[in-house]
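I have placed the structure first, in the form of structure tokens, so that the comments after it can refer back to it.
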Amino acid sequence: MKTINIGIIGIGTVGSATILLLEKNKDLISARAGANIIIKKGVVRDISKTSKDIKIPLSTNIDDILEDEEINIVIELMGGIDTAYEVAKKALKNNKALITANKAMLAYHRLDLQNISDNIGFEASVAGGIPIIKALKDGLSANHILSIRGILNGTCNYILTKMTNENITFEECLKKAQKLGYAEANPSLDIDGFDTAHKLIILSSIAYGINAMPEDILIDGISNISQDDIFFANEFGYKIKLLAIAKRIDNEVELRVHLAMINQNEMISKVSGVMNGISVIGDNVGETMYYGAGAGGNATASAVVGDLIEIIRSKSSPMLGFKKSLESGLVLRDINSIESRYYLRLKVLDKAGTLAKITSTLGENNISIKMLIQKESNDKSYATLLLSTHKSNELNMKKALDSLYKLDVVNNKPFMIRIEE
Ligand code: HSE
């Protein structure tokens, strides 16, 4: 049997789990790959901080891997964007295969890398252990993808589930998620929706052959959610999730990440805690659902090693799934034209005429109310209005939110959640 030497750059949670998995399932993995796999070197920032369970040769110099001609495959698990991109380019230019879990780097540079080589595995970059990249690239490749709806960030789903089930504040839930090792080093990447957006953008490249950048799409985080929103959702049979949505409408693709109220009977609304879930609708297959652990060392290592086996088997397919860009007629939909129903929470003065001002402001922006609840506020001169609207679009809603905020009867910046149907 042949021998394949690999190098691992970054030995944190995922790196350690990858090394341990290669040891634990060694015989199975080499039988599936048809090769003995030797971890020739690991690169870390500080050798003294590396776990004593890691028994491979260590270095702090990335070139010890990138310039070693005996190393065939580089596994990049260091995170960050710029240095990781330089590492990826150098590995590919030195004729090594690359495996990466780095969604932020791929969100910006996937096409640049594909232009250097297709010998790249990145299953671990989206939804941890769920093989969604292989599903889109191979299993569903005969379909036009009509939509993708995903819960792609374990930290946010954990926070939203805990807030819903246990009535705990947002800050407490975030601290717990950080303790459990789900959150990114910079929590803004999770709670402001960027991590989800990076993953959506990677999926959309494979599904549609488009090259969107994070700056081009609608991204809203979860940090302003309150118990009032959860009350409204419960009252009307919704669950609140941070959703990544890709939809094809004629020759446009809309990409968005935001809180969404989803009917509680839909399968995706049942994806709870740190788990991830993705619904993909193909024009021929209909709806398919993927569910599993989207974060954490073991689940992510499963995807890294799956890529390793595939690369060693030399199965050649284009990195982003298109031999030639058949879908190049597709364009990204302008954010202002995206249509949805909306939920609004407003803190308003509890006095005569307030409701009239609110409804006429919405009416002036062509927004029609579907349901409305008024709740007492702790402060007796104010009330909380919770309402949902009929379908409108982002431009009308943006204008309405600005006008509502300017009304003398509205106290706080209005809070909005899109309703996904
Ligand atoms: N911070 C990410 C999450 C880790 O919570 O899902 C996996 O990408």
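Per residue, the convex hull spanned by the alpha carbons of the chain comes to 144 Å³. Between the range 159-199 and the range 1-68, the alpha-carbon centres lie 30 Å apart. Report summary: the helix-based calculation at 222 nm, which adds -39500 (n - 2.57) for every DSSP H run with n ≥ 4 and divides by the residues of the chain, gives -10000 deg cm²/dmol. Classify the range 1-142 as rounded, prolate or oblate, taking a ≥ b ≥ c as the square roots of the eigenvalues of its Cα gyration tensor: rounded when a/c is under 1.5, otherwise prolate if a/b is larger than b/c and oblate if not. Taking the square roots of the gyration eigenvalues as a ≥ b ≥ c, the range 1-142 is rounded. Counting other Cβ atoms within 10 Å as a rough exposure proxy, the listed residues 64, 229, 195, 46 run 46, 64, 229, 195 from fewest neighbours to most. Here the range 337-419 is treated as a Stokes sphere of Kirkwood radius computed over C-alpha pairs; at 10 °C and 1.306 mPa s its diffusion coefficient rounds to 126 µm²/s.
Which whole-number percentage describes the relative contact order of the range 337-419, with Cα contacts under 8 Å and a sequence gap of 6 or more?
48
Sorted fewest first by neighbouring Cβ atoms within 10 angstrom, 32, 110 come out as 32, 110.
Put in order of Cβ neighbour count within 10 Å, fewest first, the listed residues 285, 126, 274 become 285, 274, 126. Cα centroid separation, the range 247-310 to the range 359-421: 31 Å. Each semi-axis of the equivalent ellipsoid for the range 62-216 is √(5λ) with λ an eigenvalue of the Cα gyration tensor; in descending order they amount to 30, 20, 13 Å. Across the chain, the relative contact order, built from alpha-carbon pairs under 8 Å that are at least six residues apart, equals 17 percent. Taking a label point 7 Å from the Cα of residue 234 along the Cα→Cβ vector, which residues of the range 166-201 have an amide N closer than 13 Å to it? Inside the label zone: 166-168. Taking 32 Å as the limit for the C-alpha separation, the pairs 134/370; 55/137; 26/137; 270/357; 49/103 exceed it in the case of 134/370; 55/137; 270/357.
Between the DSSP loop rule and a limit of at most 11 other Cβ atoms within 10 Å, which trypsin sites (Lys or Arg not before Pro) in the range 149-236 are left?
Those that pass, being in a loop and sparsely packed, number zero.
The average projected area of the range 196-259, computed from the convex hull of its Cα atoms over all directions, is 5.2 nm².
Give the shape of the range 242-330 as rounded, prolate or oblate, defined through the alpha-carbon gyration tensor: a ≥ b ≥ c are the square roots of its eigenvalues, a/c under 1.5 means rounded, and otherwise the shape is prolate if a/b is larger than b/c and oblate if not. Since a/c reaches 1.5 but b/c is at least a/b, the shape of the range 242-330 is classed as oblate. Screening the chain for whole DSSP H helices with an alpha carbon extent of at least 15 angstrom along the helix axis and a mean Kyte-Doolittle hydropathy of at least 0.0 yields 13-24, 194-208, 297-312, 354-364.
Bear in mind these aren't lab numbers, they're just calculated from the coordinates by the rules spelled out. Only a predicted model underlies this, so the values are computations on that prediction, with no experimental measurement involved. Glycine also receives a Cβ, built like all others from the backbone with ideal geometry; neighbour counts cover every protein chain displayed.
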